[in-house]
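These notes are about the structure you will find just below.
The values are calculated or read from the model by the stated rules, or taken from the named source; none is laboratory data. Remember, predicted model here, so these are calculated numbers, not experimental data. As a convention, Cβ positions derive from the backbone with ideal geometry for all residues, glycine included, and neighbour counts pool all protein chains shown. Just the protein is used for accessible areas: all its heavy atoms, side chains included, with ligands, DNA and RNA removed. Shrake-Rupley method; radii C 1.70, N 1.55, O 1.52, S 1.80 Å.
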Amino acid sequence: AQSVTQPDIHITVSEGASLELRCNYSYGATPYLFWYVQSPGQGLQLLLKYFSGDTLVQGIKGFEAEFKRSQSSFNLRKPSVHWSDAAEYFCAVGPRSGGGADGLTFGKGTHLIIQP
Amino acid sequence: DTAVSQTPKYLVTQMGNDKSIKCEQNLGHDTMYWYKQDSKKFLKIMFSYNNKELIINETVPNRFSPKSPDKAHLNLHINSLELGDSAVYFCASSQEAGNYGYTFGSGTRLTVV
């Protein structure tokens with residue numbers, strides 16, 4: 001069965017510092033990969049996605065993520081965080097085939113705290 | 001215009017009641033979903049609908065029933081509500097019944113007392 005692991009439940013970063021959120025997945029084949037952000041009391045917003053091609057993908061709000069097949073990882077990075085980045089971040093995977101809407105499998109999320 | 005809209009945003013109800021949550025998308029997407037987010041923020045898919053057909057039905061109680069009157073709407077009806085049903089329910093949609101990125105609604109916080 002597919003699974004997504006986000007090993008860090010909470011991460012605290014100083015404003016202006018760099019950020020890396022980890023994501024590892026277990027899947028039968030290379031899936032589609034996503035990062036979503038959820039601000040308090042809000043829905044989920046897509047930050048970026050990887051389907052194929054360049055393994056470094058750029059997203060919104062200055063985020064990027066790198067797909068590493070050998071490590072089954074899709075880590076999210078940002079060179080300089082802003083206080084407004086404080087939120088819950090979810091990594092998710094979905095199948096490349098299946099002929100139907102199999103849905104996304106989400107990790108349990110990483111809560112990002114920004115220190116002034 | 002909101003791409004995926006859910007109503008109501010908050011719902012407080014007593015055990016044993018029946019309630020519905022509505023979802024509408026104006027993106028022209030082919031597939032719609034319902035996800036449940038528990039108190040620990042874990043997201044799990046409940047249902048998806050593609051062209052008015054149920055594609056997957058995870059192991060959720062049969063008290064939960066999705067209803068899709070047309071491609072733009074997927075409502076969630078819950079019978080005999082239980083305390084454990086308290087959660088945030090998210091509607092989402094995607095294009096081409098695939099995984100080209102989902103657009104989520106803002107959620108419905110259901111509290112059963």
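Can you give the FRET efficiency for B:Arg63 and A:Ser3, using 1/(1 + (r/R0)^6), R0 = 22 Å, r = Cβ-Cβ distance, to the nearest 0.05? Walk me through the numbers before you get to the answer.
Details: r = 27 Å, r/R0 = 1.24.
So the FRET efficiency works out to roughly 0.20.
Provide a whole-number value for the mean count of partner chain Cβ atoms within 10 Å of the Cβ atoms in peptide B:40-50. Could the numbers behind the result be given before it?
Details: counts 3, 8, 5, 11, 3, 6, 1, 2, 4, 1, 2.
For this peptide, the per-residue mean of nearby foreign Cβ atoms is 4.
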Quote the convex hull volume per residue of the stretch A:51-111, based on C-alpha atoms, as a whole number of Å³.
118 Å³
Computed on alpha carbon atoms, what radius of gyration and Dmax characterise the stretch B:4-112, expressed in Å?
12.9, 38
So how much slack lies between A:Ile60 and A:Arg96, counting 0.36 nm per residue of separation and subtracting their Cα-Cα distance, in nm?
10.6 nm
Over chain A, what is the relative contact order in percent, taking alpha-carbon pairs closer than 8 angstrom and at least six residues apart?
37 percent
Taking N as the residue count of the protein assembly as shown, its alpha carbon Rg divided by 2.2 N^0.38 Å gives 1.01
Could you pull the accessible area for A:Leu46 with a 1.4 Å probe, rounded to 10 Å²?
50 Å²
Which ³J(HN,Hα) values in Hz, rounded to whole numbers, follow from the phi angles of the stretch A:18-26 under the Karplus curve 6.51 cos²θ - 1.76 cosθ + 1.60, where θ = phi - 60° and Gly and Pro get x?
7, 9, 9, 10, 8, 8, 10, 10, 10
Roughly what % of DSSP beta bridges within chain B run antiparallel, to the nearest 5?
90 percent
Compute the Rg/Rh shape ratio of the stretch A:3-115: radius of gyration over Kirkwood radius, all on alpha-carbon atoms.
0.96
Looking at the stretch A:3-115, what % of its DSSP beta bridges pair antiparallel, to the nearest 5?
85 percent
Which entries of B:Lys9/B:Lys44; B:Lys9/B:Lys52; A:Lys61/B:Lys19; A:Lys68/B:Lys41; A:Lys61/B:Lys44; A:Lys61/A:Lys108 show an alpha-carbon separation above 30 angstrom in the structure shown?
A:Lys61/B:Lys19
Can you tell me, using C-alpha contacts under 8 Å and at least 6 residues apart, the relative contact order of the stretch B:26-84 as a whole percent?
28 percent
If you find the alpha carbon centre of the stretch A:1-75 and of the stretch B:1-66, how far apart are they in angstrom?
24 Å
Not counting ligands, DNA or RNA, and with a 1.4 Å probe, what is A:Ser52's accessible surface area in Å² rounded to the nearest 10?
90 Å²
How high is the relative contact order of the stretch B:4-112, in percent, with contacts defined as C-alpha pairs under 8 Å that are six or more residues apart?
37 percent
Can you give the accessible area buried between chains A and B, summed over both chains, with a 1.4 Å probe, in Å² to the nearest 100?
1800 Å²
For the pair B:Thr2 and A:Gln42, how long in nm is the line joining their label points, each one 7 Å along Cα→Cβ?
1.4 nm
